[in-house]
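The structure appears right after this line, and notes come after that.
Since every read-out is calculated from the coordinates, none of them should be taken as a lab result. From a predicted model like this one, the values you see are computed outputs, not experimental measurements. Here Cβ is always computed from backbone atoms with ideal geometry, including for glycine, and neighbour counts include all displayed protein chains.
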Amino acid sequence: MSFLAPFRQLTPTQFETTWRSPSNIAFVKYWGKKGHQIPANPSLSMTLKECFSETKVNFTPSDTLSVELYLEGVKEDKFSQKIEKYLRSLVDFPWLQNISFKIQTKNTFPHGTGIASSASGLSAFALCLTDYLFHLSGEKNNFYPTASYLSRLASGSACRSVYGNFVSWGDKSDFVADPAEFHPDFLQLKDSVLVVSGEEKKISSTSGHGLMLEHYFSEARYIQAKKNFESLSSSLKSGDLEHVGKILECEALSLHAMMLTSPNPYTLLRPNTLAAIEMIWAFRLETKLPLYFTLDAGPNLHLIYPESCQNKIHTFISHELSSLTQRVIHDERGEGPSRC
Ligand code: PMV
């Protein structure tokens, strides 16, 4: 990518920066990749507001690359190794191998709640790294494309977290995400996360993407995702919530159908996930309220609805769905990351 040229040859100096970056929920799912972090289909997400990571990075010149990561003040060797592996893979920036990284990060939401901490955590780290590249090079342009590019290499869905509102990836570019057009009505969109299970998932998203390589239905799924992407993009622009909701649910169920029908079948859905889905469908039929659900690669449901129905939907959640869930996190559309 030509916008990376100013960063190839730099001399490290001491630097410190802190960024907040939100999680995002995919409306059209990225599931399956070609080569190194290139999506097999376009995806589109809504950036969240309250669920974010706040990450501080100290960069210190050193003879060798080293990473020390603290999550909520506790040293986490597993995450340090993951970031170190990622930094070693950035071979276009050989000078990064001469830096010692101290990373202090925290999330506003607990682990294993169906809110992608990899999207927020890794985009927050990539934003700090981008800040450092821009500081060392004096570059002024393409900050967010650079941050999106670096986020994608850490975790695909993280590349969409560097922008607020609605964000697409794999349509205009496979390498960076782009802000998507949307109707002003969707500024009011809410997302209540029903945490059905906080257990760590048994099959990672990386393994799930891998299973798509030999999946009997993968080509059909990529065609469906592309069609859903086109259709959702146009409903997002026109303000057609009913159509957005229809695709939202189709995408969630298709993602989980891919897992169930993969060469090594598995499911991340729990009995309470299915019970809640049936109750949401029944509630919608009865009340005619625009309440829709989606799922990430996990058992927890994201309930999507407009602010105008918030009171009725909160009552429904607390009276009828709370017995199926461990906790509920109320979130909404957000504006994207910020430097602290
Ligand atoms: O970014 P990854 O590799 O963790 O994959 C994310 C996949 C989904 O969350 C299921 C879908 C998406 O587009 O975010």
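Treating only the Cβ atoms of Lys and Arg (+1) and Asp and Glu (-1) as charged, compute the dipole magnitude of the chain about its Cα centre; round to the nearest 20 debye.
Values: 33 positive and 35 negative charges, 72 e Å.
Approximately 340 debye in magnitude.
Suppose each label sits 7 Å from its Cα in the direction of the beta carbon; what would the ARG339-THR267 distance come out to in nanometres?
The answer from the label model is 4.9 nm.
Using label points projected 7 Å from each Cα along Cα→Cβ, tell me how many nm separate ALA275 and SER308, to one decimal.
3.3
So how much slack lies between THR206 and LYS288, counting 0.36 nm per residue of separation and subtracting their Cα-Cα distance, in nm?
Values: separation 82, 0.36 × 82 = 29.52 nm, distance 3.80 nm.
Here the segment from THR206 to LYS288 would lengthen by 25.7 nm.
Using the beta-carbon distance between GLU181 and ARG8 and R0 = 25 Å, what value does 1/(1 + (r/R0)^6) give for FRET efficiency, to the nearest 0.05? Provide the component values of the computation, followed by the final result.
Working: r = 34 Å, r/R0 = 1.34.
It comes out at approximately 0.15.
Would you mind checking the radius of gyration and Dmax of the stretch 185-332 based on alpha-carbon positions, in Å?
Expressed in Å, the Cα Rg and Dmax of the stretch 185-332 come to 15.8, 45.
Between LEU213 and LYS227, what length in nm is gained on full extension when 0.36 nm per residue of separation is reduced by their alpha carbon distance?
Stretched out fully, the LEU213 to LYS227 stretch lengthens by 3.0 nm.
So what does the Cα-only Debye profile of the chain read at q = 0.09, 0.13, 0.14 Å⁻¹, as log10 I(q)/I(0), no solvent term?
Once normalised to I(0) and log-transformed, intensities are -0.47, -0.97, -1.12.
I want to check a number: in the stretch 185-332, how many lysine pairs have alpha carbons closer than 24 Å, given a sequence separation of 8 or more or different chains?
13
Under 18 Å Cα-Cα from LYS85, which aspartates and glutamates qualify once same-chain neighbours fewer than 8 residues away are excluded?
Partners found: ASP63, GLU68, GLU76, ASP77.
State the percent of C-alpha pairs, over all pairs in the stretch 2-180, separated by a distance greater than 26 angstrom.
For the stretch 2-180, the share of Cα pairs beyond 26 Å comes to 25 percent.
Let me check against my output: what whole-number percent is the relative contact order of the stretch 2-180, with C-alpha pairs under 8 Å and at least 6 apart?
29
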